[in-house]
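Working notes, beginning with the structure itself.
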């Protein structure tokens, strides 16, 4: 189902949770709302569900305005962060609840419940109560319950926040597969970047009640449209005066232009590692941190400190050692503009033609 | 040393509770079985016990309904202004702070035959003060906080998410209440009901003022005991008092059972 939101506003007391938010979601898409806590993501989700009323703005499902419809009539499924399972009903009872309310015939109900138990891998657990289940199982019951009445929109509020890391990974994959299979339009809220990038078709970065950027994970990562997005996604180092760095310093840059440099933009190594030595400059290793799957390296160039990752397979450097550093690109911004700039020296200044 | 303190505490409680009860029991049989039986079955005693019973039934039913509703509004209604909620909250606690006699007087002053409301209802044949309705109102006033205060913390603890989930699944107010909220608050309500019954049985001051204590018409069991003591009819007083005490003990046992069910459910 196609979802459109126009100029949504919501204030709680004196706190403006949502400011002029507008976006469109196509049928069958899986959208992630990503952003820091208190940014307004859950408020947007709850307004889509009808659990909160917007102060102004329109919400349209399939072209029809639904602001005045209560949650009961919107045809949505909602999965809460803390599952919100009905404690005194069995797994079966929980899943069948939405169907009983809609007065489905008994036979059809049984079939649907069995189908969902199969889909969520909970066969054999029908008669158990929520307190007899693990976190992952409870979350799956919450999914099954939300999906039972065949909603046209699935809303998930930080569905994996309360689950341990290992199970989270499995559940993420399972969710992606399941939603692909069912083709149901879904929106989920998370503050976990990896989750959003792995699971979503498109991500919306929400900060202080505003949509900073909407795009595919690739777009968000490679072409951040605002400084906030550039800084929020991945791990960036803030550089006050980027002109100091080799390949970025020339008359073209206005003073007061700042930069964000991601670890993946920085490469370090010995002289022999670089085909284009002229683009590199000398740096000193300041600190190394073991991260399990790689090294986190802090390298200093003059007064600028940069952070990068280094594979465990490569030669290990020691703090105090001198290395060559190549900054591939930087995300630059000043008061009026923001853009990504490649290191100018990366193009060989003297190509040889024969 | 600890044994000494335990022994001492038990002795104090025995003196305060057990001895008077034992004395009432013995006193009721001062004139043997016939004395006890006469004390209970005289017309004013039968009427008084019946009055107490009626008042308790009506008060419990009304309080169960409105008490649960009030608790739901105070905890769940986001649309009620904060100030209004605070005001309602204080009003709910008012009966605890005010002496029951003052409460009864309040009702006489508001609804008595000389007041606006009283004189409106009187020609219609509805007497409030010095009649059954007044007694019910007085007892309602005194017992109102009990169910509300039992249910409110439970509602706060279980949170509104389960109810929101039910709403997203298509359940409207009554279905949600009956299938989702009620099973969670059931034992708290029962516990509150038991407290209400116990309190209503024992109510003395408010009902005394409002009912006028008209023997055979508006006298409750507690007021009858008072009257008997005043008239030095101690055997009869003890008989009725014993019945009241026995019901209270039964209620207490039921209360303990309900509490254990409530805690087990939590």
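The values are calculated or read from the model by the stated rules, or taken from the named source; none is laboratory data. The model shown is predicted, which means the values in this text are computed figures rather than measured ones. Cβ placement follows ideal geometry from the backbone for every residue including glycine, while neighbour counts extend to all protein chains displayed.
Within region B:129-167, can you find the residues that are away from chain A (no Cβ under 14 Å), surrounded by fewer than 19 Cβ atoms within 10 Å (Cβ to Cβ) and either within 30 Å of residue B:255 (Cβ to Cβ) or without any contact (Cβ under 8 Å) to a residue 40 or more places away in the chain (or both)?
Hits for region B:129-167 are B:132, B:133, B:149, B:153, B:156.
Is region A:11-27 home to any residue that is within 11 Å of chain B (Cβ to nearest Cβ), in a strand (DSSP E or B) and at pLDDT below 90?
Yes, because at least one residue in region A:11-27 is within 11 Å of chain B (Cβ to nearest Cβ), in a strand (DSSP E or B) and at pLDDT below 90.
Rundown of residues vs (1) free of Cβ contacts under 8 Å to residues at least 60 places away in the same chain; (2) out of contact with any strand residue (DSSP E or B) (no Cβ under 7 Å at 6 or more places or on another chain), yes/no style:
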{"residue": "A:19", "(1), (2)": "no, no"}
{"residue": "A:25", "(1), (2)": "no, no"}
{"residue": "A:32", "(1), (2)": "no, no"}
{"residue": "A:36", "(1), (2)": "no, no"}
{"residue": "A:49", "(1), (2)": "no, no"}
{"residue": "A:53", "(1), (2)": "yes, yes"}
{"residue": "A:66", "(1), (2)": "yes, no"}
{"residue": "A:76", "(1), (2)": "no, no"}
{"residue": "A:93", "(1), (2)": "yes, yes"}
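Regarding region A:71-84, can at least one residue be identified that is surrounded by 15 or more Cβ atoms within 10 Å (Cβ to Cβ), in a helix (DSSP H, G or I) and at the interface with another protein chain (Cβ under 9 Å from one of its Cβ atoms)?
yes
From (1) touching a helix residue (DSSP H, G or I) at 6+ places or on another chain (Cβ under 7 Å); (2) more than 22 Å from residue B:182 (Cβ to Cβ); (3) part of a helix (DSSP H, G or I), pick out the condition that doesn't hold for residue A:95.
Only one criterion in (1) touching a helix residue (DSSP H, G or I) at 6+ places or on another chain (Cβ under 7 Å); (2) more than 22 Å from residue B:182 (Cβ to Cβ); (3) part of a helix (DSSP H, G or I) is unmet by residue A:95, namely (2).
Determine which member of the set B:36, B:66, B:53 is at pLDDT below 85 and either under 21 Å from the mean Cα position of the chain (by Cα) or surrounded by 12 or more Cβ atoms within 10 Å (Cβ to Cβ) (or both).
Exactly one of B:36, B:66, B:53 is at pLDDT below 85 and either under 21 Å from the mean Cα position of the chain (by Cα) or surrounded by 12 or more Cβ atoms within 10 Å (Cβ to Cβ) (or both), namely B:36.
Look at residue A:264 and say whether it is assigned to a helix (DSSP H, G or I) and crowded, with 16+ Cβ neighbours inside 10 Å.
Judged against the criteria, residue A:264 is not a match.
Just to be sure I understand the filter: pairs with C-beta atoms under 7 Å, separated by 6 or more residues or on different chains, first member in region A:142-153 and outside the structural domain of residue A:183 (by TED's automatic domain parsing), second member modelled with pLDDT of 95 or more and surrounded by fewer than 22 Cβ atoms within 10 Å (Cβ to Cβ). Which pairs pass?
none
Here are the criteria: (1) outside any helix (DSSP H, G or I); (2) away from chain A (no Cβ under 14 Å); (3) surrounded by 17 or more Cβ atoms within 10 Å (Cβ to Cβ). Tell me which single one residue B:126 does not satisfy.
For residue B:126, the failing item is (3).
If I ask for residues that are out of contact with any helix residue (DSSP H, G or I) (no Cβ under 7 Å at 6 or more places or on another chain) and under 16 Å from residue A:190 (Cα atoms), which ones from region A:165-179 would you list?
A:165, A:168, A:169, A:173 - these are the residues of region A:165-179 that are out of contact with any helix residue (DSSP H, G or I) (no Cβ under 7 Å at 6 or more places or on another chain) and under 16 Å from residue A:190 (Cα atoms).
So, in region B:78-99, how many residues would count as being out of contact with any helix residue (DSSP H, G or I) (no Cβ under 8 Å at 6 or more places or on another chain) and closer than 19 Å to residue A:12 by Cα?
Selection size over region B:78-99: 6.
State all residues of region B:209-227 that are in a helix (DSSP H, G or I) and touching a residue at least 40 places away in the same chain (Cβ under 8 Å); if no residue qualifies, say none.
Matches in region B:209-227: B:209, B:210, B:211, B:221, B:222, B:223, B:224.
Surrounded by fewer than 17 Cβ atoms within 10 Å (Cβ to Cβ) and more than 9 Å from every other protein chain (Cβ to nearest Cβ): does that describe residue A:41?
no
Does region A:103-124 include one or more residues that are in contact with a helix residue (DSSP H, G or I) (Cβ under 6 Å, 6 or more places away or on another chain), within 14 Å of chain B (Cβ to nearest Cβ), crowded, with 18+ Cβ neighbours inside 10 Å and assigned to a loop (DSSP other than H, G, I, E, B)?
Looking for residues that are in contact with a helix residue (DSSP H, G or I) (Cβ under 6 Å, 6 or more places away or on another chain), within 14 Å of chain B (Cβ to nearest Cβ), crowded, with 18+ Cβ neighbours inside 10 Å and assigned to a loop (DSSP other than H, G, I, E, B), one finds none in region A:103-124, hence no.
Identify, please: which residue in region B:171-208 is more than 11 Å from every other protein chain (Cβ to nearest Cβ) and in a loop (DSSP other than H, G, I, E, B) and is, among those, surrounded by the fewest Cβ atoms within 10 Å (Cβ to Cβ)?
So the residue we want is B:204.
Tell me, yes or no, whether region B:234-257 has at least one residue that is over 30 Å from residue B:129 (Cβ atoms), assigned to a helix (DSSP H, G or I), free of Cβ contacts under 8 Å to residues at least 12 places away in the same chain and in contact with a helix residue (DSSP H, G or I) (Cβ under 7 Å, 6 or more places away or on another chain).
no
Name the strands (runs of 3 or more DSSP E) wholly within region A:142-221 that hold at least 3 residues that are within 18 Å of the chain's Cα centre (by Cα) and more than 23 Å from residue A:235 (Cα to Cα)?
It comes to A:153-157, A:185-190.
Looking at region A:125-141, which of its residues are surrounded by fewer than 23 Cβ atoms within 10 Å (Cβ to Cβ) and either assigned to a strand (DSSP E or B) or under 24 Å from the mean Cα position of the chain (by Cα) (or both)?
Those that are surrounded by fewer than 23 Cβ atoms within 10 Å (Cβ to Cβ) and either assigned to a strand (DSSP E or B) or under 24 Å from the mean Cα position of the chain (by Cα) (or both): A:135, A:136, A:137, A:138.
Which ones in region B:13-36 are in a helix (DSSP H, G or I) and closer than 14 Å to residue B:233 by Cα?
Once the filter is applied, which keeps residues that are in a helix (DSSP H, G or I) and closer than 14 Å to residue B:233 by Cα, region B:13-36 yields B:24, B:27, B:28, B:35, B:36.
Answer yes or no: is there a residue in region A:49-63 that is within 24 Å of the chain's Cα centre (by Cα), away from chain B (no Cβ under 13 Å), buried (at least 19 other Cβ atoms within 10 Å of the Cβ) and not in a loop (DSSP other than H, G, I, E, B).
yes
Does region A:297-310 contain any residue that is surrounded by fewer than 12 Cβ atoms within 10 Å (Cβ to Cβ) and either in contact (Cβ under 8 Å) with a residue 60 or more places away in the chain or more than 21 Å from residue A:239 (Cα to Cα) (or both)?
No, that holds for no residue.
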